[in-house]
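Bear in mind that the values in this text are calculations on the coordinates, not laboratory data. If you're wondering where the values come from, they're calculated on a predicted model, not measured in any experiment. Here the Cβ positions follow ideal geometry from the backbone for every residue, glycine too, while neighbour counts run over all protein chains shown.
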Amino acid sequence: VYNLSADSNVYCAVLAGGSGSRMNSPVPKQFLMLGDAPVFVHSVRTLLKDSRIKQLWIGSNGDWYELAQEQIKDYCGNDERIILCEGGIDREGTLLNILNGICKENEITEDDVVLIHDAVRPFVTQRIIDDVIAEMRFCSACNTVIPVNDTIVSSENGKSISGIPVRSELFAGQSPQGFKIKALIDAFNTLDAETRAKLTETTKVCFVQGIPIHIVKGEFYNFKITTPYDLQLANFVLEYIKSLDK
Ligand code: CTP
């Protein structure tokens, strides 16, 4: 297990403020049951196993705040590192609320790190968490990625192919993503409104500022639950992982 410098702190931001429109469920997907616990609880439990994590913030949409509170109480024990806060209008908005909270409650130094994780990726592993934390000794930003197996094509008009990028250079982004908190906040503060509005990806905030972003290897099963099909797949993966433990 690698550590950052002795005086740097690691915080976690679990993004659980989405409504999950592609899931077609009245309850957002992060609060649906997967095996013995709600979807978001699986990765929260794995993250909390890491004693280097000082606080784990969860951002939830106001309409679902009470449900989130209940599920944390029922399924996460009473780990005092968990802090629930309001989510934002989009993924980056939820992240910014959490960053504000972290900065208000703590004295943040240049070396302090935040690990950002999608609440809807239940199968993050300790190996991935270790690798991201270890890599943060050498960079201000780091993403978890997997190589793509399919040939990816681009189409500007949605009717015909306009580009076929080289597959060996392509990766799919996952989470957790690691950032030096101060560097990330500075990068957010220098974004223009148009770029901010189009953001779907936190690493882009750093990319457009020219900050090098390192990559570490994710896992194919560290996928994001997006549709009802993904939730079914997640149930199979859970059974498979359980069978490995036997
Ligand atoms: N997220 C968030 N706050 C928002 C929107 C999204 O914290 N206002 C989180 C989601 O809860 C999820 C992650 O960002 O953990 C990735 O987003 P995505 O899968 O796109 O989630 P949703 O926005 O919930 O789904 P959809 O796009 O189908 O509506």
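Between THR109 and THR151, the distance separating the two model label sites (each 7 Å from Cα on the Cα→Cβ line) works out to 5.2 nm. The Cα center of segment 173-241 and the Cα center of segment 9-83 differ in position by 17 Å. Cβ-Cβ distance of LYS159 and ARG22, R₀ of 41 Å, FRET efficiency by 1/(1 + (r/R0)^6): the value works out to about 0.95. Farthest towards the positive end of the charge dipole of the chain, among the residues PHE188, CYS103, THR46, is the Cα of THR46, using unit charges on the Cβ of Lys, Arg, Asp and Glu. Membrane-span-like helices in the chain, defined here as complete DSSP H runs extending at least 24 Å along the helix axis by their C-alpha atoms with mean Kyte-Doolittle hydropathy no lower than -1.0, are 228-245; this is a sequence and geometry rule, not a statement about a membrane.
Give me the extension gain from THR227 to THR195: residue separation times 0.36 nm, minus the current Cα-Cα distance, reported in nm with one decimal.
My answer for the length gained is 8.8 nm.
In order along segment 160-172, phi translates into HN-Hα couplings of 9, 6, 10, x, 10, x, 5, 4, 5, 9, 9, 9, 9 Hz, rounded to whole numbers, per the Karplus curve 6.51 cos²θ - 1.76 cosθ + 1.60 with θ = phi - 60° and x for Gly and Pro.
In order along segment 191-200, phi translates into HN-Hα couplings of 6, 7, 4, 5, 5, 4, 5, 8, 5, 10 Hz, rounded to whole numbers, per the Karplus curve 6.51 cos²θ - 1.76 cosθ + 1.60 with θ = phi - 60° and x for Gly and Pro.
Tell me whether segment 49-120 comes out rounded, prolate or oblate; compute the Cα gyration tensor, take square roots of the eigenvalues as a ≥ b ≥ c, and use a/c under 1.5 as the rounded threshold.
Working: a/c = 1.91, a/b = 1.19, b/c = 1.61.
Cα axes put segment 49-120 in the oblate bin.
Amide H contacts under 5 Å for VAL216: ASN143, THR144, VAL145, restricted to partners 5 or more places along the chain or on a different chain, H placed in the peptide plane at 1.01 Å from N. Normalising the average separation of contacting C-alpha pairs (under 8 angstrom, six or more residues apart) by the number of residues puts the relative contact order of the chain at 24 percent. What shape does segment 130-207 take by its C-alpha gyration tensor, where a ≥ b ≥ c are the square roots of the eigenvalues and a/c under 1.5 counts as rounded, a/b above b/c as prolate, and the rest as oblate? Since a/c reaches 1.5 but b/c is at least a/b, the shape of segment 130-207 is classed as oblate. Spin-label model, SER5/ARG127: points 7 Å from Cα along the beta carbon direction are separated by 3.1 nm. Loop-located chymotrypsin sites (Phe, Trp or Tyr not before Pro) across segment 197-228 with a Cβ neighbour count of 16 or fewer within 10 Å are PHE220, with loop assigned by DSSP. Using C-alpha pairs below 8 Å separated by at least 6 residues, the relative contact order for segment 114-246 is 35 percent. Near ILE83, the amide H atoms lying under 5 Å from its own belong to LEU56, TRP57, ILE58; only residues 5 or more places off or on other chains count, and H is placed 1.01 Å from N.
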